[in-house]
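I'd like to ask some things about the structure below.
None of the figures in this text is laboratory data; all of them are computed from the coordinates on show. All of these numbers come straight from a predicted model, not from anything done at the bench.
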Amino acid sequence: MIHRNRLRSAWNRVGSGEIHRAPRKLQPWLSDTGSLTQKIEKAIGQKLEVQVLRDCPQSLNSDESRYFHFKIRRCRVREVLLCSNGTPLVMAHSVIPTLSASGSNHAVLRLGTKPLGAVLFSKNRKHSKAKPPRDIARLDKRSQLWKRCSKHLSGLSSPLWARRTLYRLKGHPILVNEVFLPALQSTSNIR
């Protein structure tokens, strides 16, 4: 017998009520629709450091592939840590389909230590009035994203909270997962 709970995704829309299970201090971060990098930099009063963990071709897992309305054969996965004074605050895991990084979007492949948000939220870019789909999740040790974080950060406790947003860059989809690390919650001037 298969239980219904096993069939549901760990990800839920922001408006589903799931956000109220998150720590109160994280709730505004999970639901915010702007650039996470800019919001953190404003809160701490300094630029974040971007530590690139990996930036390479990869196949999608089934949980990620359901966000795209077409079959993706190839994509690029970029994982970074957003750090303040060497302390990781957020791990970002971005899925960039090959088609989304072609033509005038090719700059998304040459970010280096520049955050992806700098491209997605650039002042020169026209933003849609529609809010991009945003989901949140409580990640435990069974989650692939939790495992990715723990690979780079020793002594990580469970659970972690994350948000997932399907952005459009000149009409092409880019899936961005942002995992909020314990140091973000413990930073006193971040609200």
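Whose amide H sits under 5 Å from the amide H of L139, counting only residues 5 or more places off or on another chain, with H placed in the peptide plane?
Amide H neighbours of L139, under 5 Å, 5+ apart: L160, W161, A162.
Over 24 Å between Cα atoms: which of K47/K147; K114/K170; K39/K114 fall into that group?
Details: K47/K147 27 Å; K114/K170 19 Å; K39/K114 16 Å.
Result: K47/K147 exceed 24 Å.
Which value, in nm² and rounded to one decimal, describes the direction-averaged projected area of the C-alpha convex hull of the range 29-110?
Details: hull surface 26.4 nm².
It is 6.6 nm².
Quick one: what are the phi-derived ³J(HN,Hα) couplings along the range 54-65, Karplus 6.51/-1.76/1.60 with θ = phi - 60°, whole Hz, x for glycine and proline?
Result, ordered by residue: 6, 8, 7, x, 6, 8, 7, 8, 5, 5, 6, 5 Hz.
Tell me, what HN-Hα J-couplings in whole Hz come from the Karplus equation 6.51 cos²θ - 1.76 cosθ + 1.60 at θ = phi - 60° for each residue of the range 22-38, using x for Gly and Pro?
These are the phi-based 3J(HN,Hα) values: 6, x, 3, 5, 8, 3, x, 6, 5, 9, 4, 9, x, 6, 5, 4, 5 Hz.
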